[in-house]
Each structure stands twice: as C-alpha cells, then as structure tokens.
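Undergrad: Below you will find the structure I want to go over with you.
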Amino acid sequence: MSNRVVHVAPAVVPVVGPPISDGAIAVEAGRIVAVGAQATLVPASPDAPVVSWDGVLIPGLVNAHTHLQYTSFAAVGAKPHPSYVAWSERFVTEYEGRRTEDWGATARNGVELGLSTGTTCFADVVTDIAALDALADMGVAGVSYLELIGVDDNAWEGRVRATVVDTLRQAHRSTHARVGLSPHAPYSVDEPVLVKAADLAREEGVRLHIHLAESDSEDSYYRTGTGALAERVSLRVGRPWSILARGGTGMGAAEFASACGLLGADSHVAHGVYLGTEGRAILRSAGTYVALCPRSNLTVGIDPPPVADFLTEDSPIAVGTDSLGSNTSLDVLQDVALLRELAVGGGYDRPDLDRRLVAAATVGGAAAIGLDSDLGTLEPGKRADIAVLGMDSDISELERRIVADGAGTCIATLVSGEVRWKI
Ligand SMILES: [Zn+2]
C-alpha cells in the first residue's frame, strides 16, 4: 500500500471500457493498480491519499506524428499554403535560416506544449541529432525517430550508415522513450538506401516510420517518375535518383514502400492521404498504422485524409499534429475534432465514431509505435499517464464531447503518476 494514491473524478474514460461515473484510479509507483468506482476503490485503500480532480480523466494522448524540433517554426505553419511544393519551399527556407538553432531546446519546448494539451507520448521525427534525446530527457514516453533525408547509396555506404548506427546506439533512452529510424519518405531517400535502412532498423531492433502518400504528386513519382514532385526532387538532388532514372517503378506509394521493406507491424506511416483503397489494404494487411494529420494536410495545400474510408475499412489509425511548421498547435484533440467533421462529411454514420476516434488518439497511437502494452488505456499494469479535461463530466455522450469539444480543455497532465502540468 505504500505510496499508493487514489485519483478520483466525476468521470473516468478508461478507453478499454465504457466511461465510469464517479470514477477512481489507484496509482502506485507510477503505475495504475486499479480503475473503477470511487465507492469501491477509496475504501479499498483506506491509508492512501485521495486526489480529487474536477473534470474527466482520460489516458494521456499520443501524438503519433510530430517533429518537436520545429516548435519554433510557427510562422510557417500559421496559415495554409497554396500547394505542397510551395509549402515545402517555404519550409526549407525557414530551416536553412536557422542553422544555429538549439534543436534540443526547441524539441523540449515542444514536449512542454504537448504536456499542456494532455499529450504524454510522442512519435517524434528528429532531423538534427541534438533533438534526439528530448523525450528521454523530459521523462515522457514515445519514440524519437532519427530521420534520413536526401541520402543516396554512396553517402550511405561511405559515412551515413556508420553514423546512424553510432547515433542510435548512443542515444538516451528508457523503457518508455525509445529510438527509431525514419527514412523521411520514399521519394526523398534513394531507393537502395530505403531497403538498407529498413534492414538496419530490424538489425538494430528499432521501429520504422515514414511519411507516405502525403503529396498528391507522389503517386506519379513512383509509378512513372514524372510530375511536380519528380521535378522538385531532380532539382534539389541535382541529378535523377534511381527511380527517376529508370522512369518509375510502376508501383503506387504503398506497394513501393512495401517492396522496400518499409511496412510491417514494426512500422507506421504518417498522412496516408493518397493511398487509395488498394494502398490502404496493403498497409492493413501489413499491420501498419497510419497517423492521420488532417490540420497539417490542409496547411500544406493538400486534401484532408479520407477518414470515413479508413474507419469503414477498419484500417488501423492514430492521430498526429505534425509540427508547428504545418499546424497552429500541438493539441491532438484539435485534429481529432477535425477528423470527426471529415468522417461525418464523408458519410460515416455508425454510432462507434466517437469511441473509435478517442481510441485512435490514445491506444491507437500507442499501438502505432509499439508501446500499447504499457500505455494508451487506463487499466491495471499500465503507466499512469493521465490527462484531465475540464469539461462537463456527465457520462452520457461523453466521448462525443471529448472528440468534438475536448480541444483546449486540458487542466492537468500526469506522467507516471506525477503532475507534470497544471493550469
Ligand atoms: Zn511530418
């Protein structure tokens, strides 16, 4: 019983079961030991202090796709751009103007922003090594994915592979804060390196993450080596990469990623806007989650994700904000609210919509990055990562209110049972 604390609230949403009115969560040594009714759990631990919250307790949110080091890029993400290529050029200009940025500090700021909106776990893509330790150093959960971008086979064999291995092995990590590898996208890394990076991730026992089917010109790039993205890649790289040199692969985005070994239950992708029915089926059969980032999609001038199709087909989904370079906040619940609008607009009318979107933003994200045995629901044995939403706690239609109106309502965030943020 030592060090046990019982958190009580008018409503608890375990995600693994229906909401509990006048609920309680008993926590010991940073882990949940019981979840249930206050009337049962409080008397069962007579010596434990009781902490009373005026709100709704939900599992800490999981931001399944972000780049925390770009938390200082708010000027780029503040408003929509006319096209993906236009956004991409604006982003590169911002990045190149920040050669002296303290990327570790900006990533840690991103963690603080996440905590202030109830997020306790992150799939963080790290371009600059200085940001690689941010999750472990801040004591939050997630995977820090070291990014590969603009790498061809000569560079990989000459220097990059050895650096990646050293960097992954030396990174700070913990049981809950791990490292992974992220070839940025199948168009921004040369084909042989995609295959070798996927092999390396498995040799090192780390997870994979890629941007996939984000741009509307990606498909023609893989299929025929043509289109706006193909032109831009040729321009930036200065010569055709192997796909362009051979006039495309004849494969769509998901088929090509699969052929390179980039999909599987140990990988998840971001965006997936232009996968199509066939592409989603390839990911689904591979057990690969898609982190949907609808607000980012609209900012970079592309279409929103077809979330109604993902839900109808039972494709595994999670939710990401992407970075402040393509979004106005790191509040996962803002993206969840937009996903609801899109799902309804897309014709999804089943009564499980809100429950599934709450699950996508919690246990779905945890599953996408391989941490769902420890995070993402409120149940005994899991880490006590909890968000407190200051909202009407009537359990009737509570999940709908969390999804539609939960953004901006976080009043406290607990990590491993410790209060890490409080309004
Ligand atoms: Zn991204």
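The values are calculated or read from the model by the stated rules, or taken from the named source; none is laboratory data. On a predicted model such as this, the values are computed, not experimentally measured, just so you know. For neighbour counting, all protein chains shown are included, and Cβ atoms are generated from backbone atoms with ideal geometry for every residue, glycine included. For the accessible areas, the whole protein counts, side chains as well, though only heavy atoms, and no ligand, DNA or RNA atoms are used. Shrake-Rupley method; radii C 1.70, N 1.55, O 1.52, S 1.80 Å.
Undergrad: Would you check which residues across the range 38-50 are open to solvent by 70 Å² or more (accessible area, probe 1.4 Å), of a type outside the set (A, V, I, L, M, F, W, C), over 16 Å from Pro380 (Cβ atoms) and touching a residue at least 12 places away in the same chain (Cβ under 8 Å) and list them?
TA: Matches in the range 38-50: Asp47, Pro49.
Undergrad: Moving on. Go through (1) over 24 Å from His271 (Cβ atoms); (2) in contact with a helix residue (DSSP H, G or I) (Cβ under 9 Å, 6 or more places away or on another chain); (3) assigned to a loop (DSSP other than H, G, I, E, B) one by one and return the number of the condition Leu330 breaks.
TA: So the condition that Leu330 fails would be (1).
Undergrad: Quick check on the range 26-37. Is at least one of its residues within 16 Å of the ligand (Cβ to nearest atom), open to solvent by 60 Å² or more (accessible area, probe 1.4 Å) and outside any strand (DSSP E or B)?
TA: For the range 26-37, residues within 16 Å of the ligand (Cβ to nearest atom), open to solvent by 60 Å² or more (accessible area, probe 1.4 Å) and outside any strand (DSSP E or B): absent.
Undergrad: Shifting gears a bit: Report, by residue number, each residue of the range 140-166 that is closer than 14 Å to Val179 by Cα and away from the ligand (no atom under 16 Å from the Cβ).
TA: Those that are closer than 14 Å to Val179 by Cα and away from the ligand (no atom under 16 Å from the Cβ): Val140, Ala141, Val164, Val165, Asp166.
Undergrad: Give Tyr289, Tyr274, Tyr348 a once-over and let me know the one that is in contact with a helix residue (DSSP H, G or I) (Cβ under 9 Å, 6 or more places away or on another chain), away from the ligand (no atom under 16 Å from the Cβ) and among the hydroxyl-bearing types (Ser, Thr, Tyr).
TA: Exactly one of Tyr289, Tyr274, Tyr348 is in contact with a helix residue (DSSP H, G or I) (Cβ under 9 Å, 6 or more places away or on another chain), away from the ligand (no atom under 16 Å from the Cβ) and among the hydroxyl-bearing types (Ser, Thr, Tyr), namely Tyr348.
Undergrad: I've got another one for you. Scan the range 291-316 residue by residue and report those that are surrounded by 24 or more Cβ atoms within 10 Å (Cβ to Cβ) and in contact with a Gly (Cβ under 6 Å, 6 or more places away or on another chain).
TA: Ala291, Cys293
Undergrad: Okay, next question. Inspect all residues belonging to the range 354-365 and state whether any of them is in contact (Cβ under 8 Å) with a residue 40 or more places away in the chain and farther than 19 Å from Asn63 by Cβ.
TA: The answer is yes; a qualifying residue exists.
Undergrad: From the list Asn63, Asn3, pick out the single residue that is under 24 Å from Ile423 (Cα atoms) and not acidic (Asp, Glu).
TA: Within the list Asn63, Asn3, the selection yields Asn63.
Undergrad: Could I ask something else about it? Taking the range 212-258 as the search range and keeping residues that are among the charged types (D, E, K, R), at pLDDT below 90 and in a helix (DSSP H, G or I), which one is farthest from the ligand (Cβ to nearest atom)?
TA: Glu231
Undergrad: Name, by its number, the condition in (1) open to solvent by 40 Å² or more (accessible area, probe 1.4 Å); (2) within 15 Å of Gly150 (Cβ to Cβ) that does not hold for Glu203.
TA: With respect to (1) open to solvent by 40 Å² or more (accessible area, probe 1.4 Å); (2) within 15 Å of Gly150 (Cβ to Cβ), Glu203 is out only on (2).
Undergrad: Right, next: Could you grab me the full set of residues in the range 7-25 that are surrounded by 17 or more Cβ atoms within 10 Å (Cβ to Cβ) and either modelled with pLDDT under 95 or farther than 17 Å from Arg383 by Cβ (or both)?
TA: Val8, Ala9, Pro10, Ala11, Pro19, Ile20, Gly23, Ala24
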